[in-house]
Amino acid sequence: MTSNSSVRPAEIADISAIQRVAKKSWHAAHDDIVGADTVEEFVVDQYETESVQECIVAPNREFCVVEPKSIVGFADAGPADDRTYTLHRLYVHPDHWKDGHGSSLLAWTESALRDRGITTLQLMVMADNERAIEFYESQGFDRTGQNRDDRFDVESYVYAKEL
């Protein structure tokens, strides 16, 4: 992580920055896989202000942001079952890829989940998203399955990591 960065819990005041990062990172990572129009529709739908706010304030979720000077990334995890959480989102603005912010967000999230007694973190990633696959594998995640993501009509991989 760059020297003046910090990870902290997300706040309602962060929503517009989260939406900005989501739009930039989703387009950079997924336009070539599912198309820019599909990405735009998804971002508008999934990052609607009220929906993001509900995730930030939910007591059973861990939602954090990283900010060297302004918010450049975020992560959001929620329960799958009593001992497993799903990493729903981990995105960093493409101008800050390779700066260590994704690793910092993941470390913060994993620590918060261990404090909750969670033993496993799982996620799904599009099979053609090589950058994300490389990142998660470098962070100790193992591929545990594969399925069809009907929303995007693509193959996806399931990854998990014991905490």
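Restricting the range 52-81 to residues that are among the small types (G, A, S) and closer than 23 Å to P94 by Cβ leaves a set whose member that is nearest to the chain's Cα centre (by Cα) is A75. Apart from one condition, R89 fits all of (1) assigned to a strand (DSSP E or B); (2) charged (D, E, K, R); (3) over 15 Å from the mean Cα position of the chain (by Cα); the exception is (3).
Checked against (1) exposed (fewer than 14 other Cβ atoms within 10 Å of the Cβ); (2) of a type outside the set (V, I, T); (3) part of a helix (DSSP H, G or I), P59 passes all but a single condition, namely (3). Those strands (runs of 3 or more DSSP E) of the range 93-163 in which at least 3 residues are open to solvent by less than 50 Å² (accessible area, probe 1.4 Å), considering only elements entirely within it, cover 120-126, 154-162.
Exactly one residue out of H101, H88, H93 is within 13 Å of V7 (Cβ to Cβ) and touching a Gly at 6+ places or on another chain (Cβ under 9 Å), and it is H101. Among the residues of this structure, S51 does not count as one that is crowded, with 18+ Cβ neighbours inside 10 Å, under 30 Å from D150 (Cα atoms) and among the polar types (S, T, N, Q). Looking only at residues of the range 3-42 that are free of Cβ contacts under 8 Å to residues at least 24 places away in the same chain and among the aliphatic types (A, V, I, L, M), we find that the one that is least open to solvent (accessible area, probe 1.4 Å) is V39.
Figure legend. Inter-residue proximity from the range 93-117: first residues closer than 14 Å to F135 by Cβ, second residues of a type in the set (F, W, Y) and open to solvent by 20 Å² or more (accessible area, probe 1.4 Å), beta-carbon distance below 8 Å, spacing 6+ or different chains. Indicated pairs: G102/F135. Residues in the range 72-92 that are open to solvent by 20 Å² or more (accessible area, probe 1.4 Å) and among the charged types (D, E, K, R): D81, D82, R83, R89.
Residues in the range 130-163 that are hydrophobic (A, V, I, L, M, F, W, C) and under 15 Å from the mean Cα position of the chain (by Cα): A132, I133, F135, F141, V158, A160. Taken together, the criteria exclude V52 from residues that are farther than 24 Å from F141 by Cα, assigned to a helix (DSSP H, G or I), without any contact (Cβ under 8 Å) to a residue 40 or more places away in the chain and in contact with a Phe, Trp or Tyr (Cβ under 6 Å, 6 or more places away or on another chain).
The values are calculated or read from the model by the stated rules, or taken from the named source; none is laboratory data. Quick caveat, the model's predicted, so the values are computed rather than measured. Cβ coordinates were reconstructed from backbone atoms using ideal geometry, including for glycine residues, and neighbour counts include every protein chain displayed. The accessibility values were calculated without ligands, DNA or RNA, using every heavy atom of the protein model including side chains. Shrake-Rupley method; radii C 1.70, N 1.55, O 1.52, S 1.80 Å.
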